[in-house]
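Laboratory data are not the source of any read-out in this text; all were calculated from the coordinates shown. Given the structure is predicted, the values throughout are model-derived calculations rather than measurements. Cβ sites come from the backbone with ideal geometry, for glycine too, and all protein chains shown count toward neighbours.
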Number of protein chains: 2
Amino acid sequence: MIGEFARAAGLSTYTVRFYEKIGLIPAPPRDSGGRRVYSKDSLGWIHFLKQLNATGMKQADRVHYAALRLRGEETYRERRQMLEAHYDKIRADLAALQKTSDLMQRKISLYQRLEAELATSEKDTNNG
Amino acid sequence: MIGEFARAAGLSTYTVRFYEKIGLIPAPPRDSGGRRVYSKDSLGWIHFLKQLNATGMKQADRVHYAALRLRGEETYRERRQMLEAHYDKIRADLAALQKTSDLMQRKISLYQRLEAELATSEKDTNNG
DNA sequence: GCTTGTCCTAGAGTGCACTCTAGCAGCTAA
DNA sequence: TTAGCTGCTAGAGTGCACTCTAGGACAAGC
C-alpha cells in the first residue's frame, strides 16, 4: 500500500514514512496486517506540500501548516497568514531570480563575443 | 584583513576561509605576518558567486566554474556552456515559482472567503 | 607587561531533509 | 515450501554547506 502511494506521490517509501513521523502527512488507517492504507485524496495534499517545499518553505513551517490543517475551521486565519508570508517570500525570490536570469543572459552574450574575438585573433595568428 | 573583507562581502570569516579552502575564491597574497591581504576587486566575484548560490547552483559546480575562471581564455566556451545550463535551470525555476505564486493567491482568496463565511455563520448563531 | 582584538591552522560540530540498514513478518506464485 | 516481494519498526548514516572550537601568534593601547 505504501509503495503504490509513494509511487503515485513521486516520493520514496522512506520519505512517506518520514513525513508521517514528523507530522507532515496524517497517519493513515491500517489494514489487518498493520499496513498503511492510503486514500487517493491525500495525493492533492502531497502535491501542495511539494510545491511549498520546492519554493523554499521550511520543514518546520510545513509541519506547522499541516497541524493547523488538521484542526479545521478555527485555523483558517492563521493558515491564510502563513500563505501570505510565503507569497511575499515567493515574490521576492521571483525578483531575485529574474535579476540573475538577466545577468546570465548578459554574461552569455559577453562570452559569445569573447569566443568570437578569440577565434578571430587565432585566425590572424595563423595568417600572420 | 579577512575580517574587513568578509564584512564587505557579507560573509563570515569562517565562510571566506572555507570558500578559499574548497577553491571558490583564489588564495590571496599574505602580509609579513601570514595574514591574507584582499584586493577590493574580489568583491565582484563574491557577489556573482552569491547570485549563483542564491539561484541554486551546486557548490561543486561553482567550484568548477571558479577553476575554469582561473585558467583564462581557453575556458570561455565551457564557462558559457555552464552559464547556459544555469540559465535554463533559472527559467524553469521561474516558471515553477510563478505557478506556485498563482496558487498562493488563489488559496489566500479562498481562505478570505472561508473566514468571511465563518464570521457570517457565527453572527447568525449569535442572533439565532 | 598585560589585556584586547584580530589573525592563523586543523579538524570537529551543526542543521536540514532525507535515506538507508537491520531484523523481522505476511502474502503469493512456482 | 521456499524464494521473492512488500510491509513493519527503531535507529543509524548521508550529503550539503557551512559554522565553530581549540590552541596558538602577533600588534596596539593602557
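Side notes on the structure shown:
- Helical content of chain A, expressed as a calculated mean residue ellipticity at 222 nm, amounts to -25500 deg cm²/dmol (DSSP H runs of 4 or more residues, -39,500 (n - 2.57) each, divided by residue number, nearest 500).
- Cβ-Cβ FRET estimate between A:Gln112 and B:Lys40, R0 fixed at 30 Å, reported to 0.05: 0.55
- Couplings 3J(HN,Hα) of region B:57-66, computed from phi: 6, 5, 3, 4, 6, 5, 4, 4, 4, 4 Hz, in residue order, whole Hz [Karplus 6.51 cos²θ - 1.76 cosθ + 1.60, θ = phi - 60°; x for Gly and Pro].
- The mean sequence distance of close C-alpha pairs (under 8 Å, at least 6 residues apart), as a share of the length of chain B, puts its relative contact order at 17 percent.
- Averaged over the residues of peptide B:12-23, the number of Cβ atoms from other protein chains lying within 10 Å of each residue's Cβ is 0.
- Peptide A:104-113 is shielded by partner chain Cβ atoms: per residue, an average of 5 of them sit within 10 Å of its Cβ.
- Whole-number D in µm²/s for region A:74-128 (Stokes-Einstein; Kirkwood sum over Cα pairs; 4 °C, 1.567 mPa s): 86
- Average silhouette area of the protein assembly as shown, convex hull of alpha-carbon atoms, in square nanometres: 22.8
- The gain in end-to-end length when the B:Lys58 to B:Ser121 segment is fully stretched comes to 17.5 nm, 0.36 nm per residue minus the alpha carbon separation.
- Alpha-carbon Debye profile of chain B, log10 I(q)/I(0) at 0.20 Å⁻¹: -1.14
- Per residue of peptide A:75-84, the mean number of Cβ atoms on other chains within 10 Å of the residue Cβ is 5.
- Nm distances between copies for B:Ala119, ranked from closest, using label points 7 Å along Cα→Cβ: 6.5
- Across the identical copies, the 7 Å label point of A:Ala96, projected outward along Cα→Cβ, sits 1.6 nm from its counterparts, in ascending order.
- Förster radius 22 Å - calculated FRET efficiency between A:Phe18 and A:Gln81 (Cβ-Cβ, nearest 0.05): 0.20
- For region A:1-54, the spherically averaged projection of the C-alpha convex hull amounts to 3.5 nm².
- The same position B:Val37 in the other copies lies at 7.6 nm from this copy, comparing label points 7 Å beyond Cα toward the beta-carbon, shortest first.
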